[in-house]
Structures are given as structure tokens and as C-alpha cells.
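Below: the structure, in C-alpha cells.
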Amino acid sequence: MAGRLADCRGCLEFTSASALMQESIIVAMTPQCVIGRDGGLPWHLSADLQRFKRLTMGHHIIMGRKTFQSIGRLLPGRTTIVVTRQANLTIPGARVAPGIQEAVAFASPGESEVFFVGGEQIYRAAIARVSRIYRTLVHATLEGDVHFPELTANQWEVVEEEHHRRDARNEYDTTFQTLRRVPTR
């Protein structure tokens, strides 16, 4: 189903990412672009957590301070970079950066792919520079106070898609998608 996107529509601008390192977003969201509620995820999806681990293991992950606080710990097997405006913040075992550009610079040496993992402000700052989005669509209508930026369908195409039914470990049906930015002509 190439080109089929959720009901998220809006404008994006593109600036080229590093030719040496893939910059990607990984996100779980509803078709209404909800990604969080009350400092956490509004769902429990074991399969999505396993996918997140499989894709990000061994890579640098970039997140905002609030996302780091909601996770509450460093994720094993990944290098964590936290973006914050708090100049004095130190997080043992993590790198701290004042912005997206600095965070990517920390990841660059020898990294093949860096992942922006949230939250909303990080996604908004990163969306124009990434060329790939690993998206889990959560097939539910849920309330939330954190949202993913809207996408313009003609700027992204679905290149992989895998459907999963709800079960005892996944409370909603989901679709795993890989989106690729459509090259400009």
C-alpha cells in the first residue's frame, strides 16, 4: 500500500541529512497523531516495544528530557543522547545536548543510523531532516496530550507494512510501517 498514510496532514520542509549516517524517526501513534498522555504511552504494545528494541539496538537514540524522564532509565545496548535547554543537566551514562544539531554531531562518528525517539518537540525539530520514519500505527481512537507532527502524503511513501492483531500482550491492532521520504524532483 505504498503512499497510504494516516490521517495526519500538514507541511514539512526538507533539509538534507548527513550522507554518511541515516537519520530516522521511530514512533508509535494513532491515526489522529496521538503519541502520549500524562507523561507516558496511552497503550501497552509488547510487539511495538520489541520492534523498537530490534531497530534501535546498537545505535544512538536521541530524545528530549521529558521522554527520558518518562522512560526513567538508560536503555541497554544503545547510546542515549538527551536534548534539553537545561544547561546544567547531567545524566550519568548519557550525553546531553542543547539541540538537535549537537545531538546528531555526538552520534556521527562511525554511526550508520541514528534514531529520534521522541517526544513531540524532538519530532518537530527532526522531521525536516530525516529521510525515514519507522511508524507503528495504533488502530484506536485515544485521547492524548502529546502529538506527532502532521505529514503531507505526497512527501512520504510506505515502503514496508506489516499488520498485527491485538492479543493478550498487545491491547490494540497495529500496523508496522517504514516510510521513506519521496525524493524531490
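Look at 83, 130 and count the other Cβ atoms within 10 Å of each Cβ; fewest to most, that gives 130, 83. Calculated [222 nm] ellipticity per residue, helices only, for the chain: -5000 deg cm²/dmol; basis is -39500 (n - 2.57) per DSSP H run with n ≥ 4, divided by all residues, nearest 500.
Which FRET efficiency value, to the nearest 0.05, is calculated for residue 150 and residue 87 with the Förster distance at 25 angstrom and r the Cβ-Cβ distance?
Working: r = 32 Å, r/R0 = 1.27.
Efficiency, rounded to the nearest 0.05: 0.20.
Legend: Rg and Dmax of the range 39-89, from Cα coordinates, 12.0, 37 Å.
Counted by neighbouring Cβ atoms within 10 Å, the residues 66, 53 run from fewest to most as 53, 66.
Take the Cα of residue 159, step 7 Å toward its Cβ, do the same at residue 140, and the gap between the two points is 3.0 nm. Return, ordered by residue number, the residues of the range 127-159 whose backbone nitrogen is under 18 Å from a label point located 7 Å along Cα→Cβ of residue 167. In the range 127-159, the label zone of residue 167 (backbone N under 18 Å from the point 7 Å along Cα→Cβ) covers 137-139.
Just the C-alpha atoms of the range 22-181: what Rg/Rh do they give, with Rh taken as the Kirkwood radius?
Over the Cα atoms of the range 22-181, Rg/Rh equals 0.94.
Any read-out appearing in this document is the output of simple, stated calculations on the displayed coordinates, not a laboratory observation. Everything numeric in this text was worked out from a predicted model, so none of it was measured. Virtual Cβ from ideal backbone geometry, glycine too; neighbours counted across all protein chains shown.
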